[in-house]
1. Can you tell me which condition Val48 does not meet? The list is (1) buried (at least 20 other Cβ atoms within 10 Å of the Cβ); (2) in a helix (DSSP H, G or I), and all the others hold.
2. So, Gly130, is that one surrounded by fewer than 15 Cβ atoms within 10 Å (Cβ to Cβ), at pLDDT 95 or above and farther than 14 Å from Val46 by Cβ or not?
3. Is it fair to say Thr88 is β-branched (Val, Ile, Thr), over 19 Å from Leu64 (Cα atoms) and without any contact (Cβ under 8 Å) to a residue 40 or more places away in the chain?
4. Anything in the stretch 64-89 that is aliphatic (A, V, I, L, M) and under 10 Å from the mean Cα position of the chain (by Cα)? List them, or say none.
5. For the structure I just gave you, tell me whether Arg142 is part of a helix (DSSP H, G or I) and surrounded by fewer than 20 Cβ atoms within 10 Å (Cβ to Cβ).
6. Only one residue in Leu107, Leu64 is part of a strand (DSSP E or B), in contact with a Lys or Arg (Cβ under 9 Å, 6 or more places away or on another chain) and not β-branched (Val, Ile, Thr). Which one?
7. Hey, among Val92, Val82, Val100, which residue is touching a Lys or Arg at 6+ places or on another chain (Cβ under 6 Å), under 24 Å from Asp53 (Cβ atoms) and surrounded by 15 or more Cβ atoms within 10 Å (Cβ to Cβ)?
8. Looking at Asp136, Asp108, can you tell me which residue is without any contact (Cβ under 8 Å) to a residue 12 or more places away in the chain and either in contact with a Leu (Cβ under 8 Å, 6 or more places away or on another chain) or closer than 11 Å to Val76 by Cβ (or both)?
Amino acid sequence: MRDGVPTLRGGQGRTPTQATTEDRMAREDFVDLKLEHHTTDGIEVVDVEGEIDVYTAPRLRELLIDLVNGGHYQLVVNMEKVEFLDSTGLGVLVGGLKRVRAHDGSLDLVCTQERILKIFRITGLTKVFGIHDGVDEAIAARKSEK
């Protein structure tokens, strides 16, 4: 705090209205997003934990692009541990779906949290994505369609 005005991390005493790109990037350090992936029964499972928002969504986008470029067209994104999802995150998921569909692939979601499911319902994306209660269920549903 300086002169009664809170300072931002990395902001070197600037007031909140003087925030810079450096300040925004410093905030990203506080937002935790863990991404891991593995293959199960020929389907690539992406485990996501934390918040998918304007700051972290680019990391998920890069991973999905890398997987598709690596020839993985059957994806399951496990969102059971996602605490927050904004419109940028939704855009990344829709973009991932478009990428895999260009190769006759699929992108299914695992989501059981009502606050996240509500976002998919409100946007009508429940009709676009296969949304499942667990990874095993998502994999079984995908394999039964082959």
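The values are calculated or read from the model by the stated rules, or taken from the named source; none is laboratory data. It should be emphasised that the depicted structure is a prediction, and the values quoted were computed from it without experimental measurement. Counting neighbours? That spans all protein chains shown, and the Cβs are built from the backbone with ideal geometry, glycine included.
1. In the conditions (1) buried (at least 20 other Cβ atoms within 10 Å of the Cβ); (2) in a helix (DSSP H, G or I), Val48 misses (2) alone.
2. Considered against the rule, which asks whether it is surrounded by fewer than 15 Cβ atoms within 10 Å (Cβ to Cβ), at pLDDT 95 or above and farther than 14 Å from Val46 by Cβ, Gly130 comes out as no.
3. No.
4. Scanning the stretch 64-89 gives Leu64, Val77, Met79, Val82, Leu85.
5. Answer is no for this residue.
6. Testing whether each residue is part of a strand (DSSP E or B), in contact with a Lys or Arg (Cβ under 9 Å, 6 or more places away or on another chain) and not β-branched (Val, Ile, Thr) leaves just Leu107.
7. Selected residue: Val92, the only one of Val92, Val82, Val100 that is touching a Lys or Arg at 6+ places or on another chain (Cβ under 6 Å), under 24 Å from Asp53 (Cβ atoms) and surrounded by 15 or more Cβ atoms within 10 Å (Cβ to Cβ).
8. None of the other options fit; the residue is Asp136.
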